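The values are calculated or read from the model by the stated rules, or taken from the named source; none is laboratory data. Source: prediction; values computed, not measured. So basically every Cβ, Gly included, is an ideal-geometry build from the backbone, and we count neighbours across all protein chains shown. Just the protein is used for accessible areas: all its heavy atoms, side chains included, with ligands, DNA and RNA removed. Shrake-Rupley method; radii C 1.70, N 1.55, O 1.52, S 1.80 Å.
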Amino acid sequence: MRRSRLADIVTLTVTVAGIVLFCAAPSHGQSYKVESDLHKALFKDSNYDTGVIPIVDSTKPLKVQLFLGMNYLLDIDEKQGMMTAALYPSLSWTDERLKWEPHDYDNLMSISVLPEKLWMPDVQVFNSVGAASADTLHSPKVTVFSNGTLYHTFGLVSRTPCELNLISFPFDVNTCFIQFGSWSEPNRRIELELQDTTQSLAFYGRHPSWKLQNFTAQANDIIISDTETFTELSISVRVARKGSYYYRLFVAPAAVCMFVIPVIHFLPPSSNEKLTLGNQSYPLYQLPCHLLMGVSNAEVCSCLQED
């Protein structure tokens, strides 16, 4: 009898606990439905138009803030005068049409939306040589907050012209520029602002041959006509060549040559070591010349093997 009552109590306890856990478990289907309802209310029911700039007051431009971070300095081409850099720009602006009350949608504070469904500022790299390539596997989504603020961060690889001063080679310091701006919207419609650049190099990776000395920015006005003015955000990238690499590559071989050449001349003409040492040191003379002439590593190796 006691065992039967004990079994009934255990069964009742397990049943009640299961019901409580089932009721307390989050309903994923409901959260999906809430976000789906929000998307419908913002874009379908309101007839959201992606071609209309979200300006509330026609006398005031839309503020678009740009934050530019730099991941890596990929390459500086001395021959063509080009700098290739991996960047991660971040744009933020406000769209009054995309506001909602979080308590109406299960306290949902933000959603992610594809750029094709939104009005997007056409901020591009002005002085890019060729199309800047996006460094993403998928189209980066835009984060939309309940107060109408939008954030869009994406990666891109830009190739921009760079005037190099090689007079002080290999101790030269060069300044390159990356210019951002809107192609179609003047200042009266978009007010482009640059955020603080103190955190722009937070994820920067060091380059083996170049040292990044400075990363600054300033805004310039480009006057197209008496009534149209565009804003250009100019990013100044100052880099210095690392001299230690060229010390090992040129100074060290030159020092060895300064020691070997007198030794070869002082050896007797009939000595076999004179001919052997001269033949073995010949590639040492040729290696810096090949590198200075811009010959590829494969060609240098093949020349050394032939010698």
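From the list S270, S225, S234, the lone residue that is at pLDDT 70 or above, under 24 Å from L68 (Cα atoms), outside any helix (DSSP H, G or I) and of a type in the set (S, T, Y) is S234. Considering only residues in the stretch 91-104 that are open to solvent by 70 Å² or more (accessible area, probe 1.4 Å) and among the charged types (D, E, K, R), the one that is farthest from P140 (Cα to Cα) turns out to be D104. The set of residues from the stretch 216-243 being open to solvent by 60 Å² or more (accessible area, probe 1.4 Å), farther than 17 Å from Q195 by Cβ and under 20 Å from the mean Cα position of the chain (by Cα) comprises just one member, R238. Residues that are surrounded by 16 or more Cβ atoms within 10 Å (Cβ to Cβ) and touching a Ser or Thr at 6+ places or on another chain (Cβ under 8 Å) were ranked within the stretch 74-90; the one that is farthest from R241 (Cα to Cα) is P89.
For the stretch 169-215, taking the residues that are among the small types (G, A, S) and out of contact with any Lys or Arg (no Cβ under 9 Å at 6 or more places or on another chain), the one that is surrounded by the most Cβ atoms within 10 Å (Cβ to Cβ) is identified as G181. Number of residues in the stretch 156-168 that are assigned to a loop (DSSP other than H, G, I, E, B) and surrounded by 14 or more Cβ atoms within 10 Å (Cβ to Cβ) equals 2. Residues that are of a type in the set (A, V, I, L, M) and farther than 20 Å from L68 by Cα were ranked within the stretch 145-176; the one that is modelled with the highest pLDDT is V173. Contact map, the stretch 87-108: residues that are in contact (Cβ under 8 Å) with a residue 60 or more places away in the chain paired with residues that are of a type in the set (F, W, Y), Cβ distance under 6 Å, separation 6+ or inter-chain. Pairs shown: S90/F67; S92/Y151. The residue that is farthest from the chain's Cα centre (by Cα), among those in the stretch 136-150 that are part of a strand (DSSP E or B) and either crowded, with 16+ Cβ neighbours inside 10 Å or among the charged types (D, E, K, R) (or both), is F145.
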